[in-house]
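The values are calculated or read from the model by the stated rules, or taken from the named source; none is laboratory data. What you see is a predicted model; the values in this text were computed from it and never measured. Please note: Cβ atoms are built from the backbone with ideal geometry, for glycine as well, and neighbour counts cover all protein chains shown.
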Amino acid sequence: MKRLHIRPEVQAIHERIVSIRRDFHEHPEVSWQETRTQARVLEHLRGLGLADVRPIAKTGATALIEGRKRGPCVLWRADMDALPVPEKSSLSFASTNEGVMHACGHDAHMAIALGIAEVLAARRDSLPGSVRMVFQPAEEAAGGAQACIADGVLDAPHVSTALGLHISADIPIGAINVAPGPFFAAPTAFRISIEGRGGHAAAPHQSIDAVVVAAHVVTALQTVVSRSVAPSESAVLTVGKVAGGFRGNVIAESATMTGTIRSYTDVVREAMLQRAEQIVAGVCAAFQATYTFEHSTSCPPLVNDPAVTAFVHEEASAFFGTQAIVSAATMGAEDMGVFLQERPGCYFWLGARNEAKGIAGRHHDPAFVIDEDALAVGVEFGLRLIEGRLGAR
């Protein structure tokens, strides 16, 4: 790994950034309940003497770093919410909120953003333009990004570029994953309810077994991607939960299943939904069952602007080295895509895996951990991007 140059100002606050991240990690809060988190973020922002420090989006926060010189406005976004996951790490700062954990790295995102804000606040006199800091709630749910935009974070002043990062447990520290175009998929949640006719397990001919119907539906749905989506396209259909029945000697009268469809385009998503419902309808008709098929899409695909991404790639080449740049889109979902529908920008993965230290966890896993050295790397690289977009060098 290339030795990364971290400026003295970032090195000086590294321990404080780590402490902030650990505080967030120890006190995680799920979507739309980030009240303590919001209060701590606002406390830090007010302590920096920033302008327009205020709550947004119910449990979010924002602030404006105003430079003394005229110039553009860059938005830096960090998400805030944790997951309903019980922590199983051995960290000294493990979650004290039973059943809730920062299992995706949003605690690190907030700490990095606050570190960026602290360094920029100290050099406001030489800063051309301004930086809108956005701490967004409810990334793991739906509506957080839209609520922030509704509260005016893209205006007054007008944001010209939107930037942000996501800690990655899949790529090593000192590496970055960034690519233009579709980078995260649009998530569509679906729910299928099947109605049959219950009865005694010893008399199956008198019933319509909803569990058997559901089993055939689950199997048949696996052909949606493999046989109805062009090999040149990317798509995922996953049934994550199936429920039905009361006990072993009772034939189930109903069954439900929930899952997700992921795609990069509306055309592919609509085609998948249409084909999925055709399959459900056909299987249920064959077994004389009935069904309902419900679905909703919580956010658009995240599409990185080609020009801004080229800039980020160039900065990454200079900072990380070209050998440390990965360009691989993901079928995961990220509502930063809502911001990128409104303003050109770029979102990227920042490496936080370190197998030499035994840090090789997975996102959304109870044992998720990161290499905290990635925090200073994130602050330094974030500063370079913001300075570059503002022309502050």
I want to confirm something. Restricting to the stretch 183-200 and keeping residues that are buried (at least 19 other Cβ atoms within 10 Å of the Cβ) and part of a strand (DSSP E or B), which single residue is nearest to the chain's Cα centre (by Cα)? F184
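This table checks each residue for (1) touching a Gly at 6+ places or on another chain (Cβ under 8 Å); (2) assigned to a loop (DSSP other than H, G, I, E, B); (3) at pLDDT 95 or above; (4) within 18 Å of G332 (Cα to Cα).
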| residue | (1), (2), (3), (4) |
| --- | --- |
| A202 | no, yes, yes, no |
| H216 | no, no, yes, no |
| T256 | yes, no, yes, no |
| A271 | no, no, yes, no |
Of the conditions (1) surrounded by 20 or more Cβ atoms within 10 Å (Cβ to Cβ); (2) under 18 Å from G105 (Cβ atoms), the single one that L383 does not satisfy is (2)
When the stretch 165-182 is examined, which residues are found to be among the polar types (S, T, N, Q) and surrounded by fewer than 23 Cβ atoms within 10 Å (Cβ to Cβ)? N177
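Being closer than 30 Å to F339 by Cα, among the aliphatic types (A, V, I, L, M) and outside the structural domain of H313 (by TED's automatic domain parsing), is that true of even one residue in the stretch 170-181? So that I can check it myself, show each step before the final result.
If we filter the stretch 170-181 for residues that are closer than 30 Å to F339 by Cα, which is where we start, we get 170-181.
Add one more test, that the residue is among the aliphatic types (A, V, I, L, M), and what stays is 171, 173, 175-176, 178-179.
Add one more test, that the residue is outside the structural domain of H313 (by TED's automatic domain parsing), and what stays is none.
No, every residue in the stretch 170-181 fails to be closer than 30 Å to F339 by Cα, among the aliphatic types (A, V, I, L, M) and outside the structural domain of H313 (by TED's automatic domain parsing).
Given the structure, is E118 in the same structural domain as V312 (by TED's automatic domain parsing), modelled with pLDDT of 95 or more and within 13 Å of the chain's Cα centre (by Cα)? If you could, list the steps in order and put the result at the bottom.
Working: in the same structural domain as V312 (by TED's automatic domain parsing): yes; modelled with pLDDT of 95 or more: yes; within 13 Å of the chain's Cα centre (by Cα): no.
No, not satisfied.
Counting only residues that are polar (S, T, N, Q), under 18 Å from I261 (Cβ atoms) and in contact (Cβ under 8 Å) with a residue 60 or more places away in the chain, how many does the stretch 162-219 have?
Start the filter on the stretch 162-219 by keeping residues that are polar (S, T, N, Q), which leaves 168, 177, 188, 193, 206-207, 219.
When the remaining residues are screened for being under 18 Å from I261 (Cβ atoms), the result is 188, 193, 219.
Adding the requirement that they be in contact (Cβ under 8 Å) with a residue 60 or more places away in the chain leaves 188, 193.
Going through the stretch 162-219 one residue at a time, the tally reaches 2.
Every residue, every condition in (1) over 13 Å from N177 (Cα atoms); (2) in a helix (DSSP H, G or I); (3) in contact with a helix residue (DSSP H, G or I) (Cβ under 7 Å, 6 or more places away or on another chain); (4) not assigned by TED's automatic domain parsing to the domain that holds I167, yes or no:
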position: S317; (1), (2), (3), (4): no, yes, no, no
position: M331; (1), (2), (3), (4): yes, no, no, no
position: G337; (1), (2), (3), (4): yes, yes, no, no
position: Y347; (1), (2), (3), (4): no, no, yes, no
position: A356; (1), (2), (3), (4): yes, yes, no, no
Scanning for something under 16 Å from the mean Cα position of the chain (by Cα), in a helix (DSSP H, G or I) and either more than 22 Å from V369 (Cα to Cα) or modelled with pLDDT under 95 (or both), does the stretch 148-160 turn up at least one residue? yes
Over the stretch 141-164, the set of residues surrounded by fewer than 21 Cβ atoms within 10 Å (Cβ to Cβ), among the small types (G, A, S) and more than 17 Å from D81 (Cα to Cα) is A150, G152, A156, S160
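Give the residues of the stretch 27-60 that are assigned to a helix (DSSP H, G or I) and surrounded by fewer than 17 Cβ atoms within 10 Å (Cβ to Cβ), sorted by residue number.
Initially, the stretch 27-60 is screened for residues assigned to a helix (DSSP H, G or I), giving 35-47.
Result: T35, R36, A39, E43, R46, G47.
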Evaluation of S130 against (1) within 12 Å of L75 (Cα to Cα); (2) surrounded by fewer than 18 Cβ atoms within 10 Å (Cβ to Cβ) (one fails), failing number: (2)
Suppose we keep only residues that are in contact with a strand residue (DSSP E or B) (Cβ under 9 Å, 6 or more places away or on another chain) and of a type in the set (D, E, K, R) within the stretch 201-236. Which one would you say is surrounded by the most Cβ atoms within 10 Å (Cβ to Cβ)? D209
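Residue-by-condition table, conditions (1) in contact with a His (Cβ under 7 Å, 6 or more places away or on another chain); (2) of a type outside the set (D, E, K, R):
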| position | (1), (2) |
| --- | --- |
| E294 | no, no |
| S327 | no, yes |
| V338 | no, yes |
| E342 | no, no |
| F368 | no, yes |
| A376 | yes, yes |
| F381 | no, yes |
I need every pair where a residue in the stretch 320-335 that is under 24 Å from K2 (Cβ atoms) has its Cβ under 7 Å from the Cβ of a residue that is of a type in the set (K, R) and modelled with pLDDT of 95 or more, sequence separation at least 6 or different chains. none
List every residue pair whose Cβ atoms lie under 6 Å apart, where the two residues are 6 or more positions apart in sequence or sit on different chains, the first residue falls within the stretch 291-312 and is under 24 Å from V239 (Cβ atoms) and modelled with pLDDT under 95, and the second residue, located anywhere, is of a type in the set (S, T, Y) and crowded, with 20+ Cβ neighbours inside 10 Å. T297/T188
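Matching residues to (1) farther than 18 Å from I167 by Cα; (2) in a strand (DSSP E or B):
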| site | (1), (2) |
| --- | --- |
| R70 | yes, yes |
| R77 | no, yes |
| D81 | no, no |
| N97 | yes, no |
| I112 | no, no |
| E140 | no, no |
| A145 | yes, no |
Hey, among the residues in the stretch 12-34 that are within 11 Å of D107 (Cα to Cα) and of a type in the set (K, R), which one's nearest to the chain's Cα centre (by Cα)? R21
Given the conditions (1) crowded, with 22+ Cβ neighbours inside 10 Å; (2) under 23 Å from E139 (Cα atoms), report the number of the one that A367 does not fulfil. (1)
